[in-house]
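What follows is a set of notes on a single structure, which appears directly below.
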Amino acid sequence: MHSHIPVGIVTSLAVLVYFWMAAQTARTRRKVGIFPPAMTGDPLLERTIRAHANTLEWLPIFLPSLWLAAIYWSDLIAAILGAIWIVGRIVYFIGYRIDPSRRAPGFFIQASATTVLLLGALGSMIYLAATA
């Protein structure tokens, strides 16, 4: 019953990082004086909103891949790759806020982690189905 605790912790941390990004967006709005519903008018705000939104766009790819990998492949490997994804998203967010051209390293880290999770889960499910 407790075998997926590490992945549960990583899931919770991923959501907390997403919440932190939302807080950074709110702080940036206050800093630049642009309040909802406005989304444009200051480059820093626009980059912050975009980096936050990009993370939301990746969550529906990352979270099922994380959990399928934990269930069908390895809980520990999934948790480690999930932690790498979190680091990648933070690097992406910080880099994007500084300059959009600096988002690439974080994107590569998180996309690689997600790809390994997804393919690892899929490969394990195919293997299990073939040997059942």
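What about VAL15, is it in a helix (DSSP H, G or I), within 11 Å of the chain's Cα centre (by Cα) and among the β-branched types (Val, Ile, Thr)?
The answer is yes for VAL15.
GLN110 fails exactly one of the following numbered conditions: (1) surrounded by fewer than 19 Cβ atoms within 10 Å (Cβ to Cβ); (2) touching a Lys or Arg at 6+ places or on another chain (Cβ under 6 Å). What is the number of that condition?
The failed condition is (1).
Condition check: farther than 15 Å from ALA121 by Cβ, exposed (fewer than 15 other Cβ atoms within 10 Å of the Cβ) and within 16 Å of the chain's Cα centre (by Cα). Does ALA104 satisfy that?
In short, yes.
In region 71-98, which residue that is small (Gly, Ala, Ser) and part of a helix (DSSP H, G or I) is surrounded by the fewest Cβ atoms within 10 Å (Cβ to Cβ)?
ALA83
Report every pair of residues separated by at least 6 positions or lying on different chains whose Cβ atoms are under 8 Å apart, first residue within region 33-56 and on the phi > 0 side of the Ramachandran plot, second surrounded by 12 or more Cβ atoms within 10 Å (Cβ to Cβ) and among the hydrophobic types (A, V, I, L, M, F, W, C).
Note: pairs meeting the criteria are GLY41/VAL32; GLY41/ILE34.
Determine whether ARG29 is buried (at least 16 other Cβ atoms within 10 Å of the Cβ), of a type in the set (D, E, K, R) and touching a helix residue (DSSP H, G or I) at 6+ places or on another chain (Cβ under 8 Å).
Considered against the rule, which asks whether it is buried (at least 16 other Cβ atoms within 10 Å of the Cβ), of a type in the set (D, E, K, R) and touching a helix residue (DSSP H, G or I) at 6+ places or on another chain (Cβ under 8 Å), ARG29 comes out as yes.
Does GLY82 fit the bill of being of a type in the set (Gly, Ala, Ser) and within 14 Å of the chain's Cα centre (by Cα)?
Against the criterion (of a type in the set (Gly, Ala, Ser) and within 14 Å of the chain's Cα centre (by Cα)), GLY82 qualifies.
Bear in mind these aren't lab numbers, they're just calculated from the coordinates by the rules spelled out. What you see is a predicted model, and the numbers here were worked out from it, not measured in a lab. Glycine gets a Cβ as well: all are built from the backbone with ideal geometry, and neighbour counts include every protein chain shown.
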